[in-house]
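Before any comments, here is the structure.
The values are calculated or read from the model by the stated rules, or taken from the named source; none is laboratory data. Bear in mind the structure is a predicted one, so any value in this text is a computation, not a measurement. Reconstructed Cβ throughout: ideal geometry from the backbone, glycine too, with neighbour counts over all protein chains shown. The accessibility values were calculated without ligands, DNA or RNA, using every heavy atom of the protein model including side chains. Shrake-Rupley method; radii C 1.70, N 1.55, O 1.52, S 1.80 Å.
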Amino acid sequence: MSSQDPLPKWASKPCVMGIDEAGRGPVLGPMVYGCLYCTRSYLKELSSLNFADSKTLKEEKREELFEGLKANESIGWAVDVIDPRELSSKMLNKVKINLNEISHDSAMGLVTKVLGMGVLLTEVYVDTVGDPEKYRIKLSEKFPNVKFVVAKKADSLYPVVSGASIVAKVTRDRVLRDWALEETAENMHRNFGSGYPGDPTTKCWLEDHKHSVFGFPTLVRFSWGTCTSYFKDIVEVSWESDKVDEDGATGGSGKKQLRLSNVGITTSKRKSEEIESNAKGRCKFFQARKLEQLTHF
């Protein structure tokens, strides 16, 4: 039963859920968080389904188990597919969000989703990201009515997490298999290997698909340190506005175009809303077009 199906009657009974991810390390493709849940009374039967850590299973076996759990009306599951562009933009944003925080948010999002569907979750088992105890406390504070067990290698310790591992891994594999490259450059191909930084095939694909101005295709997590070495010959971009800002800073008297209130700065001399630019030091591109910065639409 997927999250798209009607809620079954058993969901009103005390339920247990497992959470795991797939694709945390690769430089290519999405990271996927998956969950699997069932009633506490079904756990014994769940153990007999031969779920295991998805990394220890061959692709054919993972696919077989996934199709089996999809058809099993006593099991529910859901996924969160995090696009590589989202991963990169969050990690390189001005206010950076690291991979652990992204992972925590995704896991908590799945708990919120399943609870919101009306499932009576009483216990959740999670494969840890970071310190297990700190992670458990974070989850418990967010969901005080749910008992959390956070452990290293939880996907090999608890069948309900093993099932979640299969859900996440098969979903990621299928997303990569069906990935449509949006870019239209010549000689692009899909022979990108496993996507892990150490894979020779992946390295060759990155080398063949780098661009000195536009970087990599959107399949690539360009925030990964792996990408840095491919840009030794990158074209240097000089922004006129940067030079103007530097000149304005040395002059000492030029006011910045950006209102101080827009970046959360206050001043005791007068209201920040009253401090506006006299256009000195503005980029000529914006001056010529009489463009102003908008923060409210």
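So the values come out like this:
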read-out: Residue, nearest to Y37 (Cα to Cα), within the range 126-136, restricted to residues that are open to solvent by 40 Å² or more (accessible area, probe 1.4 Å) and not acidic (D, E); value: R136
read-out: Pairs where the first residue, in the range 91-102, is without any contact (Cβ under 8 Å) to a residue 60 or more places away in the chain and the second is hydrophobic (A, V, I, L, M, F, W, C) and part of a loop (DSSP other than H, G, I, E, B), C-beta under 9 Å, 6+ apart; value: N100/V129
read-out: Sole exception among (1) among the aliphatic types (A, V, I, L, M); (2) surrounded by fewer than 17 Cβ atoms within 10 Å (Cβ to Cβ); (3) in contact (Cβ under 8 Å) with a residue 24 or more places away in the chain for L46, by number; value: (2)
read-out: Residue match in the range 137-150 (condition: on the phi > 0 side of the Ramachandran plot and out of contact with any Ser or Thr (no Cβ under 7 Å at 6 or more places or on another chain)); value: no
read-out: Selection from the range 70-125 of residues that are more than 26 Å from P14 (Cβ to Cβ), open to solvent by less than 70 Å² (accessible area, probe 1.4 Å) and assigned to a loop (DSSP other than H, G, I, E, B); value: D83, I97
read-out: The one condition in (1) among the hydrophobic types (A, V, I, L, M, F, W, C); (2) under 15 Å from V170 (Cα atoms); (3) modelled with pLDDT under 95 that V79 fails to fulfil; value: (3)
read-out: Positions within the range 17-43 being in contact with a helix residue (DSSP H, G or I) (Cβ under 8 Å, 6 or more places away or on another chain), open to solvent by 20 Å² or more (accessible area, probe 1.4 Å) and not in a helix (DSSP H, G or I), in sequence order; value: E21, R24
read-out: Listing of helices (runs of 4 or more DSSP H) fully contained in the range 140-222 that carry 3 or more residues being open to solvent by 30 Å² or more (accessible area, probe 1.4 Å), more than 25 Å from K70 (Cβ to Cβ) and touching a strand residue (DSSP E or B) at 6+ places or on another chain (Cβ under 7 Å); value: none
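Results for (1) at pLDDT 95 or above; (2) among the charged types (D, E, K, R), shown as yes or no for each residue.
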site	(1), (2)
L92	no, no
V111	yes, no
D127	yes, yes
E133	yes, yes
K142	yes, yes
V150	yes, no
